[in-house]
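Colleague: If you scroll down you'll find the structure; I have some questions about it.
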Amino acid sequence: MPTRRQLLERWWLLPVGATVATFGYMGYYASRVTFGKVKPGTPEFVAGPAVRVAALSELGEVWAQREFVYDNRACTLIRLPAATQGSLDVSGQHYAAFSRICTHLGCLVNLVRDEEVLAFSFNYRPPGGTPQLGCPCHFSVFDPLKAGEAVFGKARAPLPRVRLLVRGADVWATGIEPAPKLGT
Ligand code: FES
């Protein structure tokens, strides 16, 4: 049993240990959010009811966007300049839809079109300067052209994708990927 004097001589071990543990955890966390991001794979849609989202004519421009709700989840439909995994391709036009619920802690992401806003507010400059889905809570960034991959920030999992189809002149949602566990 150490004496009181021996304990007092070793008191400095407490702050040193706490500092080492804190920096160790910070290093672990930083490497996890930097190198541990999950790539979107082949979509695994869970079928749901068909819900009309928008008329194709409402998406006349590349990067036009319509927000909607599917499976009680806020979602966004975006016309993209190129195809991505899980996108709907119609007559040379490309559309993709994603859940807007950030996979970090569940805030709603928004389409951020301004490259300077992305650089200044999110500390992320996208290759090619393309719009990104950004989370206002802790500034995670998801790339619609990479199938919703979390490309920057604390979020690791991609945004779940929504299955789309065209009926007549409208875009419909018919399924969505399961929501990942938040914070994973
Ligand atoms: Fe979106 Fe934290 S909730 S980054």
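The values are calculated or read from the model by the stated rules, or taken from the named source; none is laboratory data. Just so you know, these numbers come straight off a predicted model, no measurement behind them. Here the Cβ is made from the backbone with ideal geometry for all residues, glycine too, and neighbour counts use every protein chain on show. Just the protein is used for accessible areas: all its heavy atoms, side chains included, with ligands, DNA and RNA removed. Shrake-Rupley method; radii C 1.70, N 1.55, O 1.52, S 1.80 Å.
Colleague: What percentage of the solvent-accessible surface of the chain, computed with a 1.4 Å probe over protein heavy atoms, is contributed by carbon and sulfur atoms?
Modeller: Looking at the chain in its full context, I get 60 percent from C and S.
Colleague: Can you check what the Kirkwood hydrodynamic radius comes to for segment 1-107, Cα pairs only, in Å to one decimal?
Modeller: 18.7
Colleague: Tell me, what is the Rg over Rh of the chain, with Rh the Kirkwood radius over Cα pairs?
Modeller: 1.20
Colleague: Return, for the Cα atoms of segment 129-184, the radius of gyration and Dmax in Å, separated by a comma.
Modeller: Answer for segment 129-184, Rg first and Dmax second: 13.3, 40 Å.
Colleague: If you don't mind, there's one more thing I want to ask. Heavy atoms only, probe 1.4 angstrom, no DNA, RNA or ligands counted: give me Trp12, Trp63, Trp172 ranked by accessible area, highest first.
Modeller: Trp12, Trp172, Trp63
Colleague: Another question, if that's okay. Would you kindly enumerate the cysteines in the chain that have no other Cys beta-carbon under 4.7 Å from their beta-carbon?
Modeller: Lacking a cysteine Cβ partner under 4.7 Å: Cys75.
Colleague: Using a probe radius of 1.4 Å on heavy atoms only, what accessible surface per residue do you get for the chain? Whole Å² is fine.
Modeller: Per residue, the chain has 55 Å² of solvent-accessible surface.
Colleague: Compare Phe152, Phe45, Phe120 in a GNM of the chain, Cα atoms joined below 10 Å, and give the one with the largest fluctuation.
Modeller: In this elastic network of the chain, the residue with the biggest mean-square fluctuation among Phe152, Phe45, Phe120 is Phe120.
Colleague: Tell me the accessible surface of Asp114 in square angstrom (1.4 angstrom probe, heavy atoms of protein chains only), to the nearest ten.
Modeller: 80
Colleague: So what's the angle, to the nearest 10 degrees on a 0 to 90 scale, between helix 13-35 and the longest Cα principal axis of the chain?
Modeller: 20
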